[in-house]
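The block underneath contains the structure these notes are about, expressed in structure tokens.
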Amino acid sequence: MDTRILNTKKKVTNTLLVLLKDNHLEDITVLELCKKADINRTTFYKYYKDVDDLVFKIENSLVIDLKQNIGDIKRNYLISFTGKILETIYARKETYTRLLGENGDHTFLRRILRLVYNESIAEWQKLLKKASRDDLDKIYSFIVDGSVGIIRNWINNNCQEDPANIALFINKICMSGLSSFI
């Protein structure tokens, strides 16, 4: 890809992240974004349909990167995956905290946590003999929603605690709940 195109996209992305610091995602307009990024709206529309499309493309690139990072995880999906998510968020704290923070996309973290749904369900079916498939779906939803709350709290506190400690905390809570199905 042409360097100018990459620079423009990077400029637009960085401008969005700056705007998310003080504005809710749904309140950011293309006009405001273009003015702040010092680009023409025609240029913006050449690459994106709207602000939501821009956010979706940024998030997709982060999800692709995260999928590559977790590709080697073969067992203990929940703790390993949660740990890798938190490490990735911490390593790219500026980007993730804006996208996942109070003003960002409230569905993005849930989308990330659902990446290993199939692997987790398959592993749990082997371990949790008393749980039906419906039980496992409910358990996964419960774990994802609880993890979202804990991770959001961690992000809102500027990721001060070690990501490994947060992953361990989430795992302890999950394992105590799962143990009733063993």
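Out of the residues in the range 112-136 that are surrounded by fewer than 14 Cβ atoms within 10 Å (Cβ to Cβ) and either touching a Lys or Arg at 6+ places or on another chain (Cβ under 9 Å) or in contact (Cβ under 8 Å) with a residue 12 or more places away in the chain (or both), which is farthest from Phe81 (Cα to Cα)?
Lys130
Hey, does the range 65-88 have a residue that's at pLDDT 95 or above and among the small types (Gly, Ala, Ser)?
No, the conditions are met nowhere in the range 65-88.
How about the range 151-174: which of its residues are assigned to a helix (DSSP H, G or I) and in contact (Cβ under 8 Å) with a residue 60 or more places away in the chain?
Correct list: Ile151, Trp154, Ile155, Pro163, Ala164, Ile166, Ala167, Leu168, Ile170, Asn171, Cys174.
So is Lys129 modelled with pLDDT under 90 and either of a type in the set (D, E, K, R) or touching a strand residue (DSSP E or B) at 6+ places or on another chain (Cβ under 6 Å) (or both) or not?
yes
Of the numbered conditions (1) part of a loop (DSSP other than H, G, I, E, B); (2) under 27 Å from Asp137 (Cβ atoms); (3) in contact (Cβ under 8 Å) with a residue 40 or more places away in the chain; (4) of a type in the set (D, E, K, R), Asp72 satisfies every one except a single condition; which is it?
Here Asp72 clears every test but (3).
List pairs: first residue in the range 24-40 and in contact (Cβ under 8 Å) with a residue 60 or more places away in the chain, second residue surrounded by 15 or more Cβ atoms within 10 Å (Cβ to Cβ) anywhere in the structure, Cβ distance under 7 angstrom, at least six positions apart or on different chains.
If the second residue must be surrounded by 15 or more Cβ atoms within 10 Å (Cβ to Cβ), the pairs left are His24/Asn103; Leu25/Val55; Leu25/Asn103; Leu25/Gly104; Leu25/Asp105.
I'm trying to understand the selection: among the residues of the range 1-53, which are part of a helix (DSSP H, G or I), more than 13 Å from Leu99 (Cβ to Cβ) and of a type in the set (A, V, I, L, M)?
Listed by number, the residues that qualify are Ile5, Leu6, Val12, Val30, Leu31, Leu33, Ala37.
Looking at the structure I just gave you, is Gly177 without any contact (Cβ under 8 Å) to a residue 60 or more places away in the chain and not hydrophobic (A, V, I, L, M, F, W, C)?
Numbers: without any contact (Cβ under 8 Å) to a residue 60 or more places away in the chain: yes; not hydrophobic (A, V, I, L, M, F, W, C): yes.
Answer is yes for this residue.
Looking at the range 80-101 only, could you name the residues that are out of contact with any Leu (no Cβ under 8 Å at 6 or more places or on another chain) and free of Cβ contacts under 8 Å to residues at least 60 places away in the same chain?
Scanning the range 80-101 gives Ser80, Ala91.
Taking the range 54-64 as the search range and keeping residues that are among the β-branched types (Val, Ile, Thr) and either exposed (fewer than 12 other Cβ atoms within 10 Å of the Cβ) or modelled with pLDDT under 95 (or both), which one is nearest to Leu100 (Cα to Cα)? I'd like the intermediate steps shown before the answer.
First pass over the range 54-64, keeping only residues among the β-branched types (Val, Ile, Thr): 55, 58, 63-64.
Filter once more, keeping what is either exposed (fewer than 12 other Cβ atoms within 10 Å of the Cβ) or modelled with pLDDT under 95 (or both): 63-64.
Numbers: Val63: 13, Ile64: 17 Å.
Top of the filtered list is Val63.
In the range 35-66, which residue that is out of contact with any Ser or Thr (no Cβ under 8 Å at 6 or more places or on another chain) and of a type in the set (A, V, I, L, M, F, W, C) is farthest from Glu94 (Cα to Cα)?
Residue satisfying both the conditions and the ranking: Phe44.
The values are calculated or read from the model by the stated rules, or taken from the named source; none is laboratory data. Computed from a predicted model, the values in this text were never measured in an experiment. For neighbour counting, all protein chains shown are included, and Cβ atoms are generated from backbone atoms with ideal geometry for every residue, glycine included.
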